[in-house]
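A short worksheet on the structure shown next.
A short reminder: the numbers here are calculations on the coordinates, not readings from a lab. Given the structure is predicted, the values throughout are model-derived calculations rather than measurements. Don't worry about glycine lacking a Cβ; one is built from the backbone with ideal geometry, like all the others, and counts go over all protein chains shown.
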Amino acid sequence: MLLKRATSSNNAAQKTTTKTQLSLSSLFSENPPQISSSNEEKTTVLGPNKFEYYIRHQCKSGKINLYDALSYFEKLIKVKPFPFVDTFNHVLSSVLKLRCNSDVISMYRELNYRGIKPNLCTLNILLTSCCHLRQINFGFCVLGDIIRRGFEPDLVTVDRLLKGLCMEGKALEAVQVFDKINERGFQGDVFTYGILITGLCKIHETNFALKLYRKMAERNCGGTLVIYSMIIDSLCKDRLVDEGVNMFFEMVSKGINPDVVVYSSLISGLCSLGRLKEAVKFFDEMVGRGIAADLVMYNSLIHGYCQVGMWKEAMRIFNRMVEEGIFPDVVTFTTLIDCLCKEGKVGEAHKIFVLMRQQGKEPNLFTYNSLMSGLCMVGQLDEAAKLFGMLADQGVEPNAFSYNIMINGYCKSRKIDEAFQLFQEMHFQGCKPNAVTFNTLIGALCQAGRLRTAEKMYHEMHACGQSPIFSTYVVMLDGLCKNGHIDEAIALFHSLGSTKYKSSIELCSILIDGMCRTGRLEEAMNMFNEIPKKGLVPDVVTYNIMINGLCKKGMLLEADKLLIDMEEKGCLPNSISFNIIIQGCLQENNIHKAMNLLGEMRRRNFAPNEAVTSMLLHLAVEDSQCLAALESLPDALQKDVFSK
């Protein structure tokens with residue numbers, strides 16, 4: 001019986017979906033079983049009216065538990081004649097409020113079995129249980145049963161059905177159902193619209209929710225705090241913060257006072273866009289209204305300041321929240337630690353880390369990763385390694401990002417063997433290396449001139465199922481070119497075939513630079529001239545590489561022509577462009593041309609680099625013509641040269 005199941009319902013999860021579906025299916029069979037007359041039970045001692053009144057009173061009190069509700073139900077179904085269905089509805093409603101939806105369905109089955117006819121309220125309760133169990137199809141079956149029994153679906157019926165659709169993420173279907181019902185003269189109220197708007201916002205259909213809200217307003221159906229709160233939150237999450245602010249002012253103009261949830265949405269949205277002054281203004285306004293800030297709001301402000309590197313302001317907010325008795329959580333501490341590390345304030349970050357642990361807040365993996373990254377950034381590799389070693393002791397499993405931080409730290413410190421040990425450990429621990437892992441190691445090997453090992457790593461990357469990304473090809477091509485393996489670099493470039501990477505001006509520039517460095521200027525020029533045919537446009541880096549290659553070969557006229565050509569094609573030369581060609585002029589003892597270019601540099605607010613000034617000073621000592629030319633330059637330009 002139902003009473004026997006009360007204990008299991010209290011101590012275990014509700015029935016599985018499959019069992020629920022079977023139970024529900026039997027409710028809508030064409031010939032439900034009827035109880036035979038031989039199964040009559042003895043009437044309870046108390047008269048039905050008094051007993052019903054007592055049960056209704058107990059259910060209305062809200063203090064009823066599942067055991068009591070099922071006990072009352074067992075007694076009610078033994079009463080002859082059967083009590084009013086409204087009394088059963090009180091019991092069913094109490095069980096529904098306890099979220100024991102499977103029990104509601106079982107109780108309805110029992111009523112159905114005993115031939116006790118439900119009314120609209122009974123069926124609405126059943127429909128609600130179906131929706132809570134995410135069984136909206138059976139909810140529609142209940143709707144069909146309502147109509148077959150001659151009842152007119154009411155606002156409760158429609159609202160429950162729409163909410164059921166929204167609970168399953170089918171808010172758009174819910175709107176379609178609402179529109180069809182609307183065409184038949186049904187007018188939803190503010191709660192109906194609230195259900196739909198909330199459902200739409202939860203599936204990120206904010207614009208649709210706004211349209212529905214405007215439609216609601218046209219029907220003189222005023223918005224509520226909940227509706228405004230949902231729309232403002234959804235707009236802010238979609239980074240449509242200005243629209244959210246407008247909704248806020250509209251809400252206030254209609255006399256609806258915002259609560260902490262509304263302010264939290266706005267402040268979080270503004271902080272995410274770096275609009276901190278506006279966020280603080282709303283924060284102060286909220287406090288002025290007597291609304292206390294919560295942890296979520298303080299975390300939003302701290303994150304906002306950290307996002308733009310304003311760690312001092314973030315610390316000020318942190319101290320304020322502590323003073324107001326709001327205890328920071330793992331998110332608060334981790335946000336501060338991450339920001340301080342990125343700003344190079346690793347000492348301060350470590351103090352926060354210690355404070356965090358003292359307050360009983362266990363750091364998570366992101367906390368450890370942030371601090372390890374900061375320590376590696378400032379060269380405290382041993383401290384970072386100690387922290388990495390702590391992970392296992394604290395029961396925190398490092399991920400690929402954790403390993404990458406340490407591998408990158410070792411590689412930057414030229415400790416490639418230690419980096420490889422960690423790489424091997426990753427495999428042993430079942431942590432799959434990603435493209436960043438391989439790129440870091442390949443780059444370090446190339447810088448160390450260990451090209452063969454780098455190539456092996458490149459092939460291992462393929463073997464591990466990791467497809468090289470753009471930066472992988474950049475690292476490999478650059479390494480091959482800088483180590484003089486130009487033929488292998490060309491072969492790698494051509495192996496890209498028709499992929500999007502081959503159509504990259506950066507990769508073309510690296511290869512052209514490699515050709516120039518190895519004296520293969522003609523090939524470099526040919527490749528440079530082929531760039532437009534690939535649909536690419538040379539950038540200032542590409543032009544500088546070619547100008548430098550021409551100058552190194554003493555081809556100043558061609559270099560000068562290329563300098564003019566780049567500007568005509570809309571690529572403005574930078575300081576490097578002028579310094580390269582001036583060095584070329586000085587190497588060829590073309591003082592006059594060098595002085596003209598120096599003057600042009602000055603007009604463009606560029607300054608000569610150390611290599612140029614060193615050459616000028618050296619020539620000035622040995623060549624009176626060069627000294628005279630320098631002395632004829634404007635004072636400001638002379639200062640640029642002689643001050644270095």
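Compared with the dominant principal axis of the Cα atoms in the chain, helix 575-587 is inclined by about 20°. What's the magnitude of the charge dipole for the chain around its Cα centre, counting Lys and Arg as +1 and Asp and Glu as -1 at the beta-carbon? Answer in Debye, nearest 20. Dipole about the Cα centre, nearest 20: 2640 debye. Relative to the dominant Cα principal axis of the chain, helix 101-113 is inclined by about 30°.
For Val287 and Asp179, the FRET efficiency from 1/(1 + (r/R0)^6), where r spans their Cβ atoms and R0 equals 45 Å, is about 0.55.
For the range 431-501, the set of trypsin sites (Lys or Arg not before Pro) satisfying both a DSSP loop assignment and a count of at most 11 other C-beta atoms within 10 Å is given as Lys500. If R0 is taken as 56 Å, the Cβ-Cβ distance between Gln424 and Asn596 corresponds to a FRET efficiency of 0.40.
With the gyration tensor restricted to C-alpha atoms of the range 155-201, the semi-axes of the equivalent ellipsoid amount to 15, 11, 9 Å, longest first.
Of the peptides 439-449, 460-470, the order by per-residue mean of other Cβ atoms within 10 Å, starting with the highest, comes out as 439-449, 460-470.
For the Cα atoms of the chain, what angle does the longest principal axis make with the long axis of helix 260-272, in degrees from 0 to 90, nearest 10? Helix 260-272 sits at roughly 20 degrees to that axis. Please work out the FRET efficiency for the pair Glu324 and His494, using the Cβ-Cβ distance as r and a Förster radius of 56 Å; give the result to the nearest 0.05. Calculated value: 0.30. Using a simple spin-label model with pseudo-atoms 7 Å out from Cα toward Cβ, Glu343 and Ile469 lie 2.8 nm apart. Between the alpha-carbon centres of the range 582-605 and the range 543-575 there is a gap of 13 Å. Report note on the peptides 209-222, 395-408: ranked by the mean count of other C-beta atoms within 10 Å, highest first, their order is 395-408, 209-222. Rounded if a/c is under 1.5, else prolate if a/b beats b/c, else oblate: with a ≥ b ≥ c from the C-alpha gyration tensor eigenvalues square-rooted, which is the range 126-221? Cα axes put the range 126-221 in the oblate bin. Expressed as a fraction of 2.2 N^0.38 Å, the C-alpha radius of gyration for the range 395-511 is 1.08.
Per residue, the Cα convex hull of the chain amounts to 280 Å³. Derived scalar couplings between HN and Hα for the range 239-248 equal 6, 9, 5, 4, 5, x, 5, 4, 5, 4 Hz in order, rounded to whole Hz, by the Karplus curve 6.51 cos²θ - 1.76 cosθ + 1.60 (θ = phi - 60°), x for Gly and Pro. Per residue, the convex hull around the alpha carbon atoms of the range 278-345 comes to 74 Å³. Applying 0.36 nm per residue to the separation of Asn246 and Asn605 and subtracting their alpha-carbon distance, the gain on full extension is 124.7 nm. Spin-label pair Arg452-Asp154: with each label point 7 Å from Cα along the Cα-Cβ axis, the two points sit 8.8 nm from one another. Here the spin labels are modelled as points 7 Å beyond Cα on the Cα-Cβ line, and at Ser413 and Asn529 they lie 5.2 nm apart. If the segment from Ile203 to Arg134 were pulled out straight at 0.36 nm per residue, it would be longer than the present Cα-Cα gap by 23.2 nm. Sorting 314-323, 345-354 by their mean Cβ neighbour count within 10 Å, with the most densely packed peptide first, gives 345-354, 314-323.
Stretching the chain fully between Phe84 and Tyr53 yields a gain of 10.1 nm (0.36 nm per residue, less the alpha carbon separation).
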